[in-house]
Each structure stands twice: as C-alpha cells, then as structure tokens.
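Heads up, the thing below is written out as structure tokens.
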Amino acid sequence: MSDLLDVDSRPAPESSEDSALAEYVAEVCRRLSAGLLRETGDDLRSVVAAEVRSVQWALEDPAALRDRVPVHPPRLDHRGRVRMFTNPVLSQRNPLAPPLTHVSDGDECEFRVTLPLQYQGPRNMLHGGYVGVLLDDVLWYAVRHASTGISFTRELTVTYERPVPLFEELRIVGRVVEAEGRKTFAEGEIVAGGQVCARATGLWIAPKPRRDGHGSAG
Ligand SMILES: CCCCCCCC/C=C\CCCCCCCC(=O)SCCNC(=O)CCNC(=O)[C@H](O)C(C)(C)COP(=O)(O)OP(=O)(O)OC[C@H]1O[C@@H](n2cnc3c(N)ncnc32)[C@H](O)[C@@H]1OP(=O)(O)O
C-alpha cells in the first residue's frame, strides 16, 4: 500500500521513537473515544485515569515503545516539505481512523476492519455516512492502483442492503469496472459474515492536465 502512494521518498526529520509515540497516542485516543461512550461514573474515571497514565509512561520512558515500528512516519517530499499520511480511514497517526488493515491491491483492493462503538449509527450498526466513507476510500485505492495519476471522486452511489455490524470483521472490497480517458468507473461492497451489506458504484475523474503537462492534484 505505501509503495502505491509513496509520493514522498526521503524519511522525515522525526525520530522513529517520536513517530511510534504519535501512533501510540492515536491508539490511546481511539480507546478513550470508545471508553467515553461505553462507561459512566467510577468506571469512566478508571478508564480515563488508566489511559492518561499510559501516555505519561510512554512520554517518561523512551524505551517503553521500543518494539513498535511506526507504520506511517512523516516523509519529506521532493521540495523538502514534511508530508503526513492523514487519511481518516487508514492512517495509524490519525485518531479518527479505525484504522483498517490494507489486505490487497491489484485487480481487487481489499481492506479489513472491526469497528468499535464510536462509529455507531443505529444500535450495534455502522453509521450510514461512514459506510460511504469506507466505500469511497476502497474504491479510490482501486482506481489509484489501476491508473498512473490521482483521481477525485465525482459520483458515489451507495446501496444499503442490510445493516453493517459493529464489533465483527468487515471485508471492504473495490474494483475498477471501466476506464475511459480521464474517467474511471469502479464498484465495491462491504461484506460481513459472508453477506454483502452495502454496495457502491462511482466515477473518479483525473483533473485536467495543466499547461505544464502535470495534473493539478497530489
Ligand atoms: C484525493 C487526492 C489526494 C492527493 C494526494 C495523493 C496521496 C495521498 C494518499 C492517500 C489519499 C487517500 C485519499 C482517499 C480519498 C477518497 C476519495 C476522495 O475523497 S476525493 C475528494 C472528494 N472529491 C472531490 O472533492 C472532487 C470535487 N470535484 C472536482 O474537483 C471536479 O468535479 C473533478 C476534478 C472531479 C472533475 O472536474 P472536471 O472539470 O475536470 O470534470 P468535467 O470536465 O466536468 O468532467 C470530465 C468528464 O467526465 C464526464 N462526467 C462527469 N460526470 C459524469 C457522470 N456522472 N457520468 C458520466 N460522465 C461524467 C464529463 O462529461 C466529462 O466528459 P468529457 O471529458 O467531456 O467526455
């Protein structure tokens, strides 16, 4: 996955320890989010205290995270600017991201994830807007893999066939159906327990080439 998107090549001026710390704090933020929605009273206080202590421990003892290899450290681009992998679905450093495991690229792009409470819409079900976010992302990656440049989502149609469950593993799959000039059409689905819960079709368009011959995105 990182090869596909590696717009930046040189490593950034941040130690591996600091990158590991940032990803660890993002993980703590995710656990706190779930805890705030799950616990009340004394249980809430215990969860908050435990997570605050764990961040303090990681800050005070640089060796504490020694075994963690950062997944998304910042990079320098060709102009020397620091670039973060900010993706709110996949980035280990973004507490908003679950984050998903990127299982495969190729003719079919696949993510897997088990979503916690903070993504809930109806009880025990994934929020419908987030269903669209997951499908947009996996289809974007399928399009990105099949083309040479970056494209933007122009149209996304989501069909909600049955509830997408929280707390169990989801397969999120996307593939390109047709490419024609700047346009790429793709489709995909979210599968839980072998059943398709939601489907999407969409159109991605590469920006018009600039007069200097480059696209305007990226
Ligand atoms: C995302 C960039 C990242 C860059 C960094 C790279 C590394 C980062 C790593 C990891 C990132 C992971 C990120 C995942 C992101 C998930 C995906 C998103 O969220 S994308 C954001 C949401 N989307 C927008 O904000 C688009 C907003 N829209 C636009 O900017 C424009 O509409 C755009 C560029 C998409 C197209 O603009 P025009 O002016 O070039 O398009 P016209 O000329 O109107 O249409 C082009 C052709 O398409 C046809 N067309 C248009 N709509 C059609 C339709 N519905 N069906 C069929 N044809 C259609 C038209 O008839 C035209 O065809 P004829 O060339 O004349 O033959």
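The values are calculated or read from the model by the stated rules, or taken from the named source; none is laboratory data. Not measured: the values here are computed from a predicted model. We place every Cβ from the backbone using ideal geometry, glycine too, and count neighbours over all the protein chains shown. These accessible areas exclude ligands, DNA and RNA; they are computed on the full protein's heavy atoms, side chains included. Shrake-Rupley method; radii C 1.70, N 1.55, O 1.52, S 1.80 Å.
Some values worked out for this structure:
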| item | result |
| --- | --- |
| Per principal axis, descending, Cα span of region 1-88 in whole Å | 51, 28, 20 |
| Given charges at Cβ of Lys, Arg, Asp, Glu: region 171-214 dipole, positive-most of Gln195, Ile172, Ile205 | Ile205 |
| DSSP H segments from the chain that extend 30 Å or more along their own axis, Cα-based, with Kyte-Doolittle mean of -0.5 or above | 16-38 |
| Estimated 222 nm signal from helices in the chain, with DSSP H stretches of n ≥ 4 weighted -39500 (n - 2.57), rounded to 500 | -10000 deg cm²/dmol |
| Protein accessible area in the chain, 1.4 Å probe - carbon and sulfur % | 51 percent |
| Heavy-atom accessible area ranking, 1.4 Å probe, most first, across Phe167, Phe85, Phe111 | Phe167, Phe85, Phe111 |
| Backbone N under 14 Å from the Asp18 label point (7 Å along Cα→Cβ), restricted to region 53-80 | 73-76 |
| Value of relative contact order over the chain, rounded to a whole percent, pairs C-alpha under 8 Å and six or more apart | 16 percent |
| Share of alpha-carbon pairs per 5 Å distance bin for region 100-205, given as whole % | 2, 14, 25, 24, 17, 10, 5, 2, 0 |
| Proportion of all alpha-carbon pairs of region 69-125 beyond 12 Å (%) | 73 percent |
| Where the chain is the region considered: accessible area per residue in Å², 1.4 Å probe | 57 Å² |
| Estimated translational D of the chain in µm²/s (Stokes, Kirkwood radius over Cα pairs; 10 °C; 1.306 mPa s) | 83 µm²/s |
